[in-house]
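The values are calculated or read from the model by the stated rules, or taken from the named source; none is laboratory data. Remember, predicted model here, so these are calculated numbers, not experimental data. A quick note on method: Cβ atoms are made from the backbone with ideal geometry, for glycine too, and the neighbour counts reach across all protein chains shown.
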Amino acid sequence: QETLRGAADEQGLRIGAAVANGPLSNESQYRDVLSTEYNGVTAENSMKWESLQPSQGQFNWSDADEIVDFAQSNGQSVHGHTLVWHSQTPNWVQNLQGQDLQDAMENHINTVMGRYAGDVESWDVVNEPIGDDANLRNSFWMQELGEDYIAEAFQIARSADPNAKLYINDYNIDGINAKSDAYYDLVSDLLDQGVPIDGIGFQGHRVLGDVPSSLEDNIRRFAQLGLEVQLTEIDIRIDTPASDSELEQQRDNYEEMVNACVSVNGCVGVTTWGITDRHSWVPDQFDGQGAALPFDENYNKKPAYYGILEAL
Ligand code: XIL
């Protein structure tokens, strides 16, 4: 029987899933679907700063290791998420100033990438550095270190693991718009300056019926800069309960997104932000919405699953 994994393997594409430790430990169906249907994994939370280094100098590897071990046992690649972000980063980091913050960034990147060198194929080095207004986000990173923190993070990352692919990642940049234009300019400048950036991730958290028609063209323009592109965090949320016709529309939306990636050389993979509607950040984050993933709450394949399969 055909699987997403089999179809993606044939195309040389990555089909990834964001993985949570709870169900990975507790649900055999979760493990079965993850290993059968996906050739890649991203830790949904357990490689974030607050998980890996909750207090200064104290690293907590157990959840991240569990995911990496699972991936290795099942021949899956790991996309590391994420090293430098304004969110899910402990207060002790946010309270550092100047050189102390710079040192903490360097130490964190070196320690984390060093530990997983050879095990994690690619990293979201900097996540969400541009805001919704298309300007560099005025995060504590910006305030303390200025915009150079981005270039510095990539330089540190390159030397921490020269073999890892280094990504910049954000939401609402899958279509051609002011924010993705800002990324185009930022990344072009960084590349001109010799900053080691290998890829850009379009997160792809979408609302039903709202897949940007410019997605494929947008992927292509970044690929033409010489970058890899991945759709790193796809989910397509619906007002719940979802009707049959909405689930069909969701199938078309998934197919369209995956197709855009398949159509461009240089788009190397797609990842769904979860596997099953049983475990998804969407209902917690977006009131009244859910049903965003390819498997339903009982691990049945939804129309969305077949949309992805069709595109692969
Ligand atoms: C989300 C997780 O899915 C949630 O479990 C957590 O509570 C908050 O973060 N963009 C990102 C991801 O880069 O890290 C976010 O993940 C979703 C939005």
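For GLY269, which of the numbered conditions (1) more than 14 Å from GLN203 (Cα to Cα); (2) away from the ligand (no atom under 13 Å from the Cβ); (3) among the small types (Gly, Ala, Ser) fails to hold?
Status for GLY269: all satisfied but (1).
Can you name every residue in region 26-45 that is under 13 Å from the mean Cα position of the chain (by Cα) and crowded, with 20+ Cβ neighbours inside 10 Å? Even if it seems obvious, please write down each step before you answer.
Looking only at region 26-45, we keep the residues that are under 13 Å from the mean Cα position of the chain (by Cα), and these are 40-45.
Of everything in region 26-45, those that are under 13 Å from the mean Cα position of the chain (by Cα) and crowded, with 20+ Cβ neighbours inside 10 Å turn out to be GLY40, VAL41, THR42, ALA43, GLU44.
Select, from GLN155, GLN143, the only residue that is out of contact with any Phe, Trp or Tyr (no Cβ under 8 Å at 6 or more places or on another chain) and either assigned to a strand (DSSP E or B) or farther than 30 Å from GLN76 by Cβ (or both). Please lay out each step first, then the result.
Numbers: GLN155 fails: either assigned to a strand (DSSP E or B) or farther than 30 Å from GLN76 by Cβ (or both).
The conditions single out GLN143.
Given the residues ALA134, ALA104, which is the only one that is outside any loop (DSSP other than H, G, I, E, B), among the hydrophobic types (A, V, I, L, M, F, W, C) and out of contact with any Gly (no Cβ under 8 Å at 6 or more places or on another chain)? Show your work before the answer.
On the way: ALA134 fails: outside any loop (DSSP other than H, G, I, E, B).
Exactly one residue qualifies, and that residue is ALA104.
Return the only residue of GLY22, GLY80 being part of a strand (DSSP E or B) and within 16 Å of the ligand (Cβ to nearest atom).
Working: GLY22 fails: part of a strand (DSSP E or B).
Among GLY22, GLY80, only GLY80 is part of a strand (DSSP E or B) and within 16 Å of the ligand (Cβ to nearest atom).
Kindly indicate whether any position in region 120-132 is surrounded by fewer than 21 Cβ atoms within 10 Å (Cβ to Cβ) and farther than 28 Å from TYR183 by Cα.
no
Table: residues versus (1) buried (at least 16 other Cβ atoms within 10 Å of the Cβ); (2) within 16 Å of the ligand (Cβ to nearest atom).
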| residue | (1), (2) |
| --- | --- |
| ASP235 | yes, yes |
| TYR254 | yes, no |
| SER263 | no, no |
| GLN285 | no, yes |
| LEU309 | yes, no |
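For region 133-148, give me each residue that is out of contact with any Leu (no Cβ under 8 Å at 6 or more places or on another chain) and buried (at least 22 other Cβ atoms within 10 Å of the Cβ).
none
Looking only at region 196-228, which residues are touching a helix residue (DSSP H, G or I) at 6+ places or on another chain (Cβ under 7 Å), over 18 Å from ALA304 (Cα atoms) and within 16 Å of the ligand (Cβ to nearest atom)?
ILE200
Restricting attention to region 287-307, report how many residues are of a type in the set (A, V, I, L, M) and away from the ligand (no atom under 14 Å from the Cβ).
Taking region 287-307 as the starting set, the residues that turn out to be of a type in the set (A, V, I, L, M) are 291-293, 304.
Checking which are away from the ligand (no atom under 14 Å from the Cβ) leaves us with 291, 304.
Within region 287-307, residues that are of a type in the set (A, V, I, L, M) and away from the ligand (no atom under 14 Å from the Cβ) number 2.
Looking for something more than 16 Å from the ligand (Cβ to nearest atom), in contact with a strand residue (DSSP E or B) (Cβ under 9 Å, 6 or more places away or on another chain) and at pLDDT 95 or above - is there at least one such residue anywhere in region 139-146?
yes
Applying the selection to region 1-25, what residues are surrounded by 24 or more Cβ atoms within 10 Å (Cβ to Cβ) and over 20 Å from GLN230 (Cα atoms)?
Those that are surrounded by 24 or more Cβ atoms within 10 Å (Cβ to Cβ) and over 20 Å from GLN230 (Cα atoms): none in region 1-25.
With among the β-branched types (Val, Ile, Thr), in contact (Cβ under 8 Å) with a residue 40 or more places away in the chain and more than 16 Å from the ligand (Cβ to nearest atom) as the only criterion, which of THR89, THR36, THR111 stands out? Don't jump to the end; show me each part of the working.
Working: THR89 fails: more than 16 Å from the ligand (Cβ to nearest atom); THR36 fails: in contact (Cβ under 8 Å) with a residue 40 or more places away in the chain.
Every option except THR111 fails the conditions.
From the list GLU50, GLU66, which residue is surrounded by 14 or more Cβ atoms within 10 Å (Cβ to Cβ), within 11 Å of the ligand (Cβ to nearest atom), without any contact (Cβ under 8 Å) to a residue 60 or more places away in the chain and not aliphatic (A, V, I, L, M)? Please lay out each step first, then the result.
Numbers: GLU66 fails: within 11 Å of the ligand (Cβ to nearest atom).
Testing whether each residue is surrounded by 14 or more Cβ atoms within 10 Å (Cβ to Cβ), within 11 Å of the ligand (Cβ to nearest atom), without any contact (Cβ under 8 Å) to a residue 60 or more places away in the chain and not aliphatic (A, V, I, L, M) leaves just GLU50.
Would you be able to tell me the number of residues in region 155-171 that are under 13 Å from LEU231 (Cβ atoms) and either surrounded by fewer than 21 Cβ atoms within 10 Å (Cβ to Cβ) or in contact with a helix residue (DSSP H, G or I) (Cβ under 8 Å, 6 or more places away or on another chain) (or both)? Even if it seems obvious, please write down each step before you answer.
Here is the first cut: in region 155-171, the ones under 13 Å from LEU231 (Cβ atoms) are 167, 169-171.
Add one more test, that the residue is either surrounded by fewer than 21 Cβ atoms within 10 Å (Cβ to Cβ) or in contact with a helix residue (DSSP H, G or I) (Cβ under 8 Å, 6 or more places away or on another chain) (or both), and what stays is 170-171.
Final tally of qualifying residues: 2.
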